[in-house]
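Nothing in this text is a laboratory measurement; each read-out follows from the coordinates by a stated rule. Just so you know, these numbers come straight off a predicted model, no measurement behind them. Glycine also receives a Cβ, built like all others from the backbone with ideal geometry; neighbour counts cover every protein chain displayed.
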Amino acid sequence: MDAREVNLSLDFCLRVGEVLLSSGAGAADVTVTMRSLARHLGMRTVGIDVTFVNLSIQYQASDEELPVLSTRQVTARTIDYDHLTQVDHLVRDVLRDRTDLRQARADLARIVSGGHGRRRWAVTLGLALMAAAVTVQVGGGPRGAALALVTAAIIDRVQLTLHRRRLPFFYQQVAGAGIATLMALGAAALPTDLDVSTSITANIVVLLAGIGFMGALQDALTGFHITASARLLEALLATAGIIAGVSGGLALAHAVGVDIPTIVPGQTSLQSVSLTLLGAAVGAGAFAYSSYAPRRILAPIALVAAVATGIVEAMPSDIARPLAVAIASFLVGLVSFPISGRLRVPPLVVVVSAVVPLLPGLSIYRGLSLLAAEKSAQVSSGLLAMVTAASIAVALASGVFLGEYVAQPLGGQVRRLEARLAGPRLVGPLRDFTRSERRHRRRTQREAASEEDAGS
């Protein structure tokens, strides 16, 4: 390979890795995808390093030649399952020799620079619908769902404005959680019997859904501890912003004498099991829609989310909720691999969206409301609720990856591509392309030979 071809290939691998990493893919997925592309493009001896903000790839053709090192910085992090899916398809096309390097670079540039078929105001409506659905899931009525819908729409527009002004994500989360609590405070001050606590809980779930817990735990489980630490710190800061915003609103409610009730698990006014499952299904589908997921996957995500929620609700009361959530998330990981393969989307799209109704928004709100009471008995219960919320978050991610590991046995070539240790793939090559490549080359050679014979 000449120097120009090497530079173009390395740059293409880095740009693919940047899209995957910025969309929430784990460092192991990014490493395997970049390595498989480099090997297919003729560079078998490459060194790849993936961290939270930097990607680097090094190639040395022989011991006598100087190594070539290329790096790229990840500057933006947005959940964009449309671009993620398109890039995943592009990687598969390259590995199957359906497109060459230059065409693949042009396609990648078109994907990254192109917009979406979904307007930004449609994303706001999707998040608002998600908040209303989660309100129904946790026992809220029509008025509570309407309050959550309006609040979520306001939060999204405010956060979008703050994002355009380059305000750090922590302050965006503080503003969002504060708006959720203040809107509930205003509704509670009215002479109605509206239970505003369900609206706060729903908007906490909406704010939690954008936090990359999955990627952080996947990096920790697959040996990328530096990237895992950075992602975990980012997730903790974002969660701390939610806690700060809700705590400030609850403190203001106590100061002005407005009573915002505490939700007690097991004693909520759940209207029916069917409404609970419907709320979970609509909430998961709405989140996937607002994350630009392809339309063909929305209904399967909703069905998987409803089944997972039904499993948690059907568990006996003597089983701890983190264990019930771990079992449900394990089944989500188990079924997401065949579903994503049939509908041609990365498994990451299915698992992240389907576990949204299981996020610990209820435990976080209950813990904060009990801590705001400043009574010793309630403070201890509040601390226990916060610990439960952390346990649920860990149970969600670990259960999903265990399910993926059982459902998705890696091909031998993909195992050899692993630089550190093997694990379930949520994005990138999921099978061995070596045999199909050999068959394709032999078929091409036979066709060329037959054409030469016909011409002679």
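Under the criterion of Cα pairs below 8 Å and six or more residues apart, the relative contact order for the stretch 3-115 equals 26 percent. Against the compact-protein benchmark of 2.2 N^0.38 Å, the Cα-based radius of gyration of the chain scales to 1.07. Using the empirical formula 2.2 N^0.38 Å as the baseline, the Cα radius of gyration of the stretch 101-162 reaches a ratio of 1.65. Given R0 = 41 Å, the distance between the Cβ atoms of H254 and R344 translates into a calculated FRET efficiency of 0.20. Just so you know, the Cα atoms of the stretch 3-115 work out to an Rg and Dmax of 13.4, 45 Å.
A simple spin-label model places the labels of T192 and D49 5.7 nm from each other, with each point 7 Å out along Cα-to-Cβ.
Fully extending the segment from L383 to Q103 would add 95.2 nm, taking 0.36 nm per residue of separation and subtracting the current Cα-Cα distance.
Here each label is just a point 7 Å from Cα along the line to Cβ, and for W121 and L167 those points are 2.3 nm apart. The residue among F224, V94, T151 whose Cα reaches farthest toward the positive pole of the charge dipole of the chain, with charges on the beta-carbon of Lys, Arg, Asp and Glu, is V94. Across the chain, the longest run free of exposed loop sites, meaning trypsin sites (Lys or Arg not before Pro) lying outside DSSP classes H, G, I, E and B with no more than 10 other Cβ atoms within 10 Å, spans 167-456. For the chain, the relative contact order comes to 18 percent (Cα pairs under 8 Å, sequence separation of at least 6).
Per-residue Cβ neighbour counts within 10 Å put E404, E65 in the sequence E65, E404, beginning with the fewest. Computed from the Cβ-Cβ distance with R0 of 35 Å, the FRET efficiency linking Q60 to H89 stands at 0.70.
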